[in-house]
1. For the range 36-54, enumerate the residues that are of a type in the set (Gly, Ala, Ser), under 21 Å from residue 11 (Cβ atoms) and touching a Lys or Arg at 6+ places or on another chain (Cβ under 8 Å).
2. Just a yes or no: is a residue in the range 29-42 basic (Lys, Arg), at pLDDT 95 or above and within 13 Å of the chain's Cα centre (by Cα)?
3. So residue 23 clears everything in (1) without any contact (Cβ under 8 Å) to a residue 24 or more places away in the chain; (2) touching a strand residue (DSSP E or B) at 6+ places or on another chain (Cβ under 7 Å) except one condition, right? Which one?
4. Quick check on my filter: what residues within the range 3-35 are within 18 Å of residue 78 (Cβ to Cβ) and touching a helix residue (DSSP H, G or I) at 6+ places or on another chain (Cβ under 7 Å)?
5. How many residues does the range 38-69 hold that are closer than 21 Å to residue 28 by Cβ and in contact (Cβ under 8 Å) with a residue 40 or more places away in the chain?
Amino acid sequence: MKIQWTGKALSDLVRLYEFLAPLNPATAARAVESLAEAPQRISVHPRLGERLGEFEPREVRRLLVGDYEMRYEIREETIYIVRLWHTRERR
């Protein structure tokens with residue numbers, strides 16, 4: 001399946017990096033790298049993440065990537081990466 005990042009998800013990735021980088025640039029780079037690579041697993045196994053019923057009838061799922069939550073939506077042959085954040089953030 002094709003992977004498409006939304007503008008909000010890309011902004012989340014930048015925001016997470018900018019938060020972590022002043023504290024530890026290496027950790028920030030590793031976190032962003034793992035989040036950027038996670039959709040490769042999803043493209044092979046699209047229903048890997050837990051389905052979120054509150055978005056019915058849309059098929060929105062969440063996948064935990066270390067301490068981060070990635071939300072994505074499956075639409076036909078495309079997986080949209082919708083949002084990401086650290087699990088300790090108040091959302």
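1. Pass one, the range 36-54, residues of a type in the set (Gly, Ala, Ser): 36, 38, 43, 49, 53.
Going one step further and asking which of them are under 21 Å from residue 11 (Cβ atoms), we end up with 36, 38, 49.
Listed by number, the list holds a single entry, 49.
2. no
3. (2)
4. Taking the range 3-35 as the starting set, the residues that turn out to be within 18 Å of residue 78 (Cβ to Cβ) are 3-10.
Residue satisfying the conditions is 3 alone.
5. Let us first name the residues in the range 38-69 that are closer than 21 Å to residue 28 by Cβ, namely 38-40, 63-69.
Subset that is in contact (Cβ under 8 Å) with a residue 40 or more places away in the chain: 39, 68.
Within the range 38-69, residues that are closer than 21 Å to residue 28 by Cβ and in contact (Cβ under 8 Å) with a residue 40 or more places away in the chain number 2.
The values are calculated or read from the model by the stated rules, or taken from the named source; none is laboratory data. Bear in mind that the values here come from a model prediction, so they are computed numbers and not experimental data. FYI the Cβ positions are ideal-geometry reconstructions off the backbone, even for glycines, and counts take in every protein chain you see.
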